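Colleague: After the structure tokens below, expect a handful of questions from me.
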């Protein structure tokens with residue numbers, strides 16, 4: 001078999017190799033793009049309400065990965081995506097009874113989401129003080145997923161002076 005393969009014209013082998021490489025690259029890129037899309041994410045039944053509220057939001061033109069995955073390095077994004085994906089596969093197959101009614105981001109996801117908010121809305125943060133809470137979603141829980149994703153703490157009014165005492169509420173005039 002190897003002798004027959006080596007007997008083929010080298011230019012044809014190079015062409016076949018390049019063609020196969022191009023096809024593999026395109027398939028890989030398209031697969032990564034599709035698995036970042038809201039359509040892919042909502043294919044899991046537990047994500048239906050998350051997708052529906054997202055589709056009606058001001059962020060509906062983004063991919064889920066734009067908010068939910070880290071973007072510091074490609075390697076970190078892919079490792080995070082694989083780890084999250086394996087967790088999602090587990091919960092959608094073997095652990096369905098453990099899925100909560102309201103989905104709450106993990107600590108790692110919360111960190112990634114917060115950093116992505118900051119990266120996209122940096123100009124707003126430069127103009128308006130946003131240092132009253134620990135994370136963007138502390139105040140903006142309904143962005144972009146609506147009322148169903150707010151915790152009960154969101155509905156509690158702040159105590160008098162809480163925002164000023166807890167880090168901020170003042171403009172940075174530096």
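Colleague: What helices (runs of 4 or more DSSP H) completely inside region 1-114 contain at least 1 residues that are closer than 20 Å to residue 136 by Cα and in contact with a helix residue (DSSP H, G or I) (Cβ under 9 Å, 6 or more places away or on another chain)?
Modeller: 48-55, 64-68
Colleague: Check 107, 152 and return the single one that is loosely packed, with under 15 Cβ neighbours inside 10 Å and at pLDDT 75 or above.
Modeller: Just a single option satisfies the conditions, and that option is 107.
The values are calculated or read from the model by the stated rules, or taken from the named source; none is laboratory data. Everything quoted here is computed from the prediction, not taken from an experiment. Here the Cβ is made from the backbone with ideal geometry for all residues, glycine too, and neighbour counts use every protein chain on show.
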